[in-house]
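The values are calculated or read from the model by the stated rules, or taken from the named source; none is laboratory data. On a predicted model such as this, the values are computed, not experimentally measured, just so you know. All Cβ positions, even for glycine, are placed from backbone atoms using ideal geometry, and neighbour counts span all protein chains on display.
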């Protein structure tokens, strides 16, 4: 199934969880925040949160800024 | 301060109380941004030299598939050591600013102190004041402690305070311009009207600008480019720390009245001529 992650298309196995996506992107253990379709998904829910076709995922982190 | 100055009867000369924001006390009145540095190591050294305890950070998309082992900002600016102040830089609508704050809260495990800025124009980076008021209201209702970037309009500053912002942060000049305190009388009026901390945010270019803002009675200063874009950022960070302290002490001391003509410092009596 197709999902959009930070504006780019990604192909995932059907019924992948958010935790699967984080692992696929090699981001496990990083300090992140994730939105799916503009709703925040709390970190503890990544394993149980199932992604669906055409979901829009935003993954953010902290960088330098003023 | 290791050795505070004392008066003749050995009491400290400055009876300053620490800066208090959202119920937490801070000993440094200099707040710094973490952007525009050449490296994370430079960020770390300049931040340490500034003595700042509150550090702003930006929230951005994670680069997917690029340098997974690259050190992250939060390894250098640790939330255990500093109070992080996530900002909404780059947001041009109230909705985007609110969304960014909610992501920041999730990212930082429920941390609710944020710097709200809703920009109105790319050339000036002046705030969109109506959108700022709108976003502040939503965020405060949602439980955020809002430190808000605004223009130097005393009426809007008061309105943001009345909404429940924990600090109001008027610009001294456009963000990143280094033009210094362009409208000291407005800053002074904002300070005099306020019962929350007023911090100059944006526009400071060098140490004397920081001292001027503090001499006006500001509770503190937030700056980024003045340090990061200096030829020697670490040395400028140290200069800013001293300027903020010096300006604060001068404000507390109370400056002499200005006089148009001279007044001799040495006695006239006893002259040999």
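Pairs are defined by a Cβ separation below 8 Å, a sequence spacing of at least 6 or placement on different chains, a first member in the range B:39-54 that is on the phi > 0 side of the Ramachandran plot, and a second member that is modelled with pLDDT of 95 or more and assigned to a helix (DSSP H, G or I); the pairs so defined are B:51/B:241. For the range B:107-128, filtering for residues that are surrounded by fewer than 20 Cβ atoms within 10 Å (Cβ to Cβ) and outside any loop (DSSP other than H, G, I, E, B) leaves 0.
Which residue is modelled with the lowest pLDDT, if the candidates are limited to the range B:67-107 and must be more than 22 Å from residue B:128 (Cβ to Cβ) and more than 10 Å from chain A (Cβ to nearest Cβ)? Top of the filtered list is B:67.
Considering only residues in the range B:230-273 that are within 17 Å of residue B:217 (Cβ to Cβ), in contact (Cβ under 8 Å) with a residue 60 or more places away in the chain and surrounded by 18 or more Cβ atoms within 10 Å (Cβ to Cβ), the one that is nearest to the chain's Cα centre (by Cα) turns out to be B:244. Looking across B:204, B:200, B:191, one residue alone is under 18 Å from residue B:243 (Cβ atoms), in a helix (DSSP H, G or I) and in contact with a strand residue (DSSP E or B) (Cβ under 6 Å, 6 or more places away or on another chain). It is B:191. Condition check for residue B:25 on (1) closer than 30 Å to residue A:22 by Cα; (2) more than 10 Å from chain A (Cβ to nearest Cβ); (3) out of contact with any strand residue (DSSP E or B) (no Cβ under 6 Å at 6 or more places or on another chain): one failure, at (1). Residue A:44 meets the conditions (1) within 30 Å of residue B:55 (Cα to Cα); (2) within 10 Å of another protein chain (Cβ to nearest Cβ); (3) not in a loop (DSSP other than H, G, I, E, B) in every case but one. The failed one is (2).
For the range B:84-94, state whether one or more residues are closer than 22 Å to residue B:176 by Cβ, touching a residue at least 12 places away in the same chain (Cβ under 8 Å), in a strand (DSSP E or B) and touching a helix residue (DSSP H, G or I) at 6+ places or on another chain (Cβ under 6 Å). Yes: one or more hits.
When you go through B:187, B:198 one by one, which is the residue that is modelled with pLDDT of 95 or more, touching a helix residue (DSSP H, G or I) at 6+ places or on another chain (Cβ under 6 Å) and crowded, with 18+ Cβ neighbours inside 10 Å? Only one candidate qualifies: B:198.
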